[in-house]
Amino acid sequence: MTLIKSISGIRGTIGGRPGEGLSPLDVVKYTAAYAEWAKQQHVGQSTTIVVGRDARISGPMVQSLVVATLSGMGCMVVDLGMATTPTTEIAVKEENAQGGIILTASHNPKQWNALKLLNQDGEFLNAAEGALVLEIAENESYSFAGVDDLGEVFAKDYTDIHIQQVLDLELVDVDAIRNADFKVAIDAVNSVGGIVIPELLRALGVSEIVEINCDATGHFAHTPEPLPENLVETAEIIRENSVDVGFVVDPDVDRLAIISEDGSMFNEEYSLVSIADYVLSQSPGNTVSNLSSSRALRDITERHGGTYSAAAVGEVNVVAKMKATNAVIGGEGNGGIIYPASHYGRDSLVGIALFLTLLAKSGLKCSELRKTYPDYFISKNKIELTPEIDVDGILVQMKEKYRQEQVTDIDGVKIDFADRWVHLRKSNTEAIIRIYAEAPSMVEAEQLAQSIIQDIKSLIV
């Protein structure tokens, strides 16, 4: 059993002894600590918290505990039931709430669940805020409300509100999508996307929808992370059904993968690249992604006259950099699209609507559209170390070794070469260094990664 307590929330496997897995007692403890934090941020005000969940099997159990605990802390609760992560984020703003809790372990397998914590802007807590929640939980410095001060619970469905907000975006062209007469497939891995995405596609005027794994049972039909190795059967279904494009989302619908009409992977990195290309063609400006995302976004941004900036890995870091640089679009190479004209959160509904608009206006097949973007390939590796090795010292030495190149050290060490890069990050939970390398071909990316691995090994005495 595993329980991971971090600034971004509480994640764990269901069951086990308290403190060893995400047990009911742990759910109550960390929910109460979060409620106490939210109340401290808004002294003298009533505290409203929005709660939404994905479709995983443990969802109803965890949700009932969270809602009851928030009520027990004297908070008003807006219970969305099953709702995507971006839907919950939007609801926080719409309800003028003081925060929100999303019950999802994102791309993790079915035995996992998590409490993802939002601030009053519907955005993930920053490092300082998350650390304070953990401190409150550790010290159990929270008090439950008396009988006359218990919070009320209100059930509300925000799916239609979210979809309408997507339709109302200036750069979403419903007429163009409808006139294109698309046939679209969606693989929702048996989670909440199976409810939301078909409804969105119908609202966008899609003429025919092929639903794959859209029963929101929580029994994931395949490994839920939308990576090529997990989508072999999905790609075959898309090819055999002669669709124009296929979309795949993770269980909480904040990551978007695209599959072309011929069953080829559009590449998760290029979800953001292609959508940014369309947005920048209509609204020139700056972009942001994290340090481990493809250089293709920088190329596209500069082609449109904008400036690209890199952020430390993590959605909260990308959002902060986007605000600092007034970026018009950004996100993460794992298929996370952040479009500030909607809200500052990864949103597959927004991504799908913008991509279908781009596809309709381009007049190209999906596979043809993919060929219009620069080709890069990422090799993902790691090197395992013994606990006594000074990982930080190794990273400092690697930074010094490659000081003649462009080096960024806001999150590990990233070394930018003329047409490729490598990013070294230490794990917060294991004695390993993750090594991501990108180059114009996979062979070159793997060669670069192996060269860096040999450099690291030479530093270990």
From DSSP H assignment alone, runs of 4+ in the chain each adding -39500 (n - 2.57), the sum over residues rounded to the nearest 500 puts [θ] at 222 nm at -11500 deg cm²/dmol
Return the long-range amide H neighbours of Thr307 (sequence gap of 5 or more, or a different chain), with a cut-off of under 5 Å between placed amide H atoms.
Asn286, Thr287
With no solvent and one point on each alpha carbon, what is the Debye value of log10 I(q)/I(0) for the stretch 27-182 at q = 0.12, 0.20 Å⁻¹?
-0.52, -1.25
Candidate lysines for bridging to Lys457, where Cα separation is under 20 Å - those fewer than 8 sequence places away on the same chain excluded:
Lys380, Lys382, Lys399, Lys401, Lys414, Lys426
Taking Rh as the Kirkwood radius computed over alpha-carbon pairs of the stretch 1-65 and applying Stokes-Einstein at 37 °C with viscosity 0.692 mPa s, one gets a diffusion coefficient in µm² s⁻¹ of 254
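With +1 assigned to the C-beta of every Lys and Arg and -1 to the C-beta of every Asp and Glu, and no other charges, what is the dipole magnitude of the chain about the Cα centre in debye, to the nearest 20? Don't skip to the answer; put the middle values down first.
Values: 37 positive and 65 negative charges, 138 e Å.
I would put it at about 660 debye.
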For the stretch 5-16, Karplus couplings with θ = phi - 60° (6.51, -1.76, 1.60), whole Hz, Gly/Pro x:
9, 9, 5, 8, x, 10, 10, x, 8, 6, x, x
Which value, to two decimals, describes the C-alpha radius of gyration of the stretch 162-370 once divided by 2.2 N^0.38 Å?
0.94
From fewest to most C-beta neighbours within 10 Å, the residues Lys116, Lys5 line up as Lys5, Lys116
Calculated on alpha-carbon atoms, Rg and Dmax of the chain in Å:
22.2, 67
What Rg and what Dmax come out for the stretch 368-422 when only alpha-carbon atoms are used, in angstroms?
15.2, 51
Taking 7 Å along the Cα-to-C-beta vector as the label spot, tell me the Thr386-Glu368 distance in nanometres, rounded to one decimal.
6.0
Between the stretch 355-384 and the stretch 179-197, what is the C-alpha centre distance in whole Å?
19
Please arrange Val248, Val232, Val279 by counting, for each residue, the other beta carbons lying within 10 Å of its beta carbon, fewest first.
Val232, Val279, Val248
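Given the stretch 377-459, report the % of alpha carbon pairs whose separation exceeds 23 Å.
Working: 466 of 3403 pairs.
Roughly 14 percent, rounded to a whole number.
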Among Gly44, Met265, Ile136, whose Cα lies farthest out toward the positive end of the dipole of the chain, if unit charges sit on the beta carbon of Lys, Arg (+1) and Asp, Glu (-1)?
Ile136
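Any idea what the dipole of the stretch 377-459 comes to, in debye rounded to 20, about its Cα centre with Lys/Arg Cβ at +1 and Asp/Glu Cβ at -1?
Numbers: 11 positive and 15 negative charges, 11 e Å.
That gives a dipole near 60 debye.
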Counting other Cβ atoms within 10 Å, keep those with at most 14, restrict to DSSP loop, and tell me which GluC sites (Glu not before Pro) in the stretch 349-409 are left.
Glu388, Glu405
Relative exposure of Thr31, Thr13, judged by other C-beta atoms within 10 Å (fewest first)
Thr13, Thr31
Longer than 19 Å from Cα to Cα, which of Lys116/Lys323; Lys5/Lys116; Lys110/Lys156 are they? Say none if no pair is.
Lys116/Lys323; Lys110/Lys156
Once phi for every residue in the stretch 388-404 is put through the Karplus expression 6.51 cos²θ - 1.76 cosθ + 1.60 (θ = phi - 60°), the whole-Hz ³J(HN,Hα) values, with Gly and Pro written as x, are 7, 6, 7, 5, 4, x, 5, 5, 4, 5, 5, 4, 5, 4, 10, 5, 6
Pull up the DSSP beta bridges for the stretch 1-127 and report the antiparallel fraction as a percent, rounded to 5.
55
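None of the figures in this text is laboratory data; all of them are computed from the coordinates on show. All values derive from a computational prediction rather than experimental measurement. Cβ coordinates were reconstructed from backbone atoms using ideal geometry, including for glycine residues, and neighbour counts include every protein chain displayed.
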